[in-house]
Every structure is written in C-alpha cells, then in structure tokens.
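We did not get these values from a lab; they are worked out from the coordinates using the rules stated. Everything numeric in this text was worked out from a predicted model, so none of it was measured. Heads up, the Cβs are rebuilt from the backbone with ideal geometry, glycines too, and the neighbour counts pull from every protein chain shown.
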Amino acid sequence: MASKIKETYVCAECGAKSPLWRGQCLVCKAWNSLELVAAPVEGARKRPIGSLGSVKAMPLAHVEDHGHEPFGTGLEALDRVLGRGLVPGSALLMGGEPGIGKSTLMLQICDSLCRFAKVLYVSGEESERQIKLRAERLGVRSESLYLLAETSLENILESVHELKPDVLIVDSIQTMFDEEIGSAPGSVSQVRESTNAVSYTHLRAHET
C-alpha cells in the first residue's frame with residue numbers, strides 16, 4: 001500500500017511548522033521564509049510488518065564497540081564536560097555568545113590534537129592569515145594543522161575528501177552555504193543540511 005504524504009511548511013529561519021503557506025512566519029515574524037516539506041503521514045507504513053527479513057534486535061552485551069574510546073583534547077576541564085574527551089566518529093556542537101573565545105578555544109584544542117592527528121580547521125569568519133596570527137599568539141605551530149577559509153559547502157566537502165583529516169573543525173557551521181538550498185546562511189535548513197553533509201563526508205573519507 002502506498003504511503004500517504006502530508007505536506008507542511010517549515011520556516012527556514014526558526015523551524016516553526018505550519019499546515020498552510022503564509023507570507024509571514026507566526027513565530028519569528030520573518031517574511032517569505034516558509035518552505036514546503038513533504039513527509040509521510042504519522043502512522044502510515046511504507047512496507048508491511050515483517051518484510052525486512054534479516055533485521056533483528058541485538059542484546060546489549062553482544063554489541064561490538066571497538067575503536068570508539070574517547071581521546072583527550074588537552075584541556076582537562078573540557079574533557080571532564082565531554083566525559084573523558086572526544087569520541088571517534090562523533091559530532092560536537094560548541095555554542096556561545098559572540099566574542100567569548102570559542103575560536104581561541106578551538107585553536108588550543110588543535111594544538112593538543114595535532115600531536116597525534118591531522119586536523120582541518122575550516123573558518124567562514126576569518127582568513128587563513130588572521131587564524132595564523134592568533135595561532136602564533138597561542139604558540140600553535142603544528143605541521144599537522146591545515147587551514148581553510150571557506151563558506152561554500154561544496155568546496156569544503158572537496159577539501160575534506162582530499163585531505164581526509166582525523167579531526168574536522170568548522171567555525172562556524174552558521175556561515176556554511178549550500179548553493180542548492182535557497183535560504184540564507186544561518187537558516188535552519190542551511191545549518192541542518194551543512195551539518196549532515198560535513199559529518200557524512202568526513203566519515204566516508206576514512207572508509208575509502
């Protein structure tokens with residue numbers, strides 16, 4: 001039986017949903033920000049129960065967990081917050097008000113990670129020269145740290161595919177821009193798609 005499709009409109013600025021198109025979002029008051037999204041109706045099944053065959057639940061004790069031990073960032077306080085450090089294959093979002101030192105903290109983390117890993121630092125807010133000047137003030141001079149000043153998602157993904165970094169830092173994800181999405185950088189749809197694309201490409205780069 002074919003799945004039923006329900007159409008709804010999602011605000012590209014705040015993510016609010018509406019069953020009907022409106023010129024202005026009722027939540028954030030942005031104009032012309034509603035985008036049409038089609039999704040299966042809640043409760044509708046795409047396939048009959050039991051049609052998946054070999055997909056079965058697994059006991060917790062039988063789940064293998066090799067290669068996912070956390071590794072330290074070099075900052076004791078941050079490792080404590082993260083639960084012993086970063087986990088391979090994971091994605092971490094660091095948020096905070098502008099100017100509180102997020103970029104400086106990222107470079108300090110790079111200094112520690114570059115001792116055993118190749119790190120790609122992507123900046124959509126500063127040039128390579130500006131980043132280097134800050135790095136010099138912090139004493140960060142590792143040959144394993146690569147810089148890329150870029151906001152085009154396509155160019156970033158290409159660099160990730162070619163370099164295959166062990167750690168990827170994007171500063172910040174709100175500046176990334178996918179040309180195939182019509183909304184502005186920083187919108188809900190841009191942030192969501194950019195995050196998914198960057199995470200997927202980074203993981204796939206180590207599988208090929």
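Cysteine residues of the chain whose C-beta has no other cysteine C-beta under 4.7 angstrom: Cys110, Cys114.
Show that you can apply the helix-only estimate: for the chain, add -39,500 (n - 2.57) for every DSSP H stretch of four or more residues, divide by all residues, and state [θ] at 222 nm to the nearest 500. Let's see the in-between values first.
Values: 5 runs with 59 residues, N = 208.
The helix contribution divided over the chain gives -9000 deg cm²/dmol.
For the chain, modelled as a GNM whose springs connect Cα atoms under 10 angstrom apart, the maximal fluctuation among Pro165, Pro59, Pro88 occurs at Pro59.
Mind listing which trypsin sites (Lys or Arg not before Pro) in the stretch 58-116 are in a DSSP loop and have 10 or fewer other Cβ atoms within 10 Å?
Answer by residue number: Arg115.
Among the helices of the chain, those built from whole DSSP H runs whose Cα atoms reach 18 Å or more along their own axis and whose mean Kyte-Doolittle hydropathy is at least -1.0 are 188-205.
Matching the structure-derived Cα Rg over 2.2 N^0.38 Å against the labelled list (1) 1.25; (2) 0.97; (3) 1.19 gives the label (1).
Loop sites here are GluC sites (Glu not before Pro) outside DSSP states H, G, I, E and B with no more than 14 other Cβ atoms within 10 Å. The longest part of the chain free of them is 65-124.
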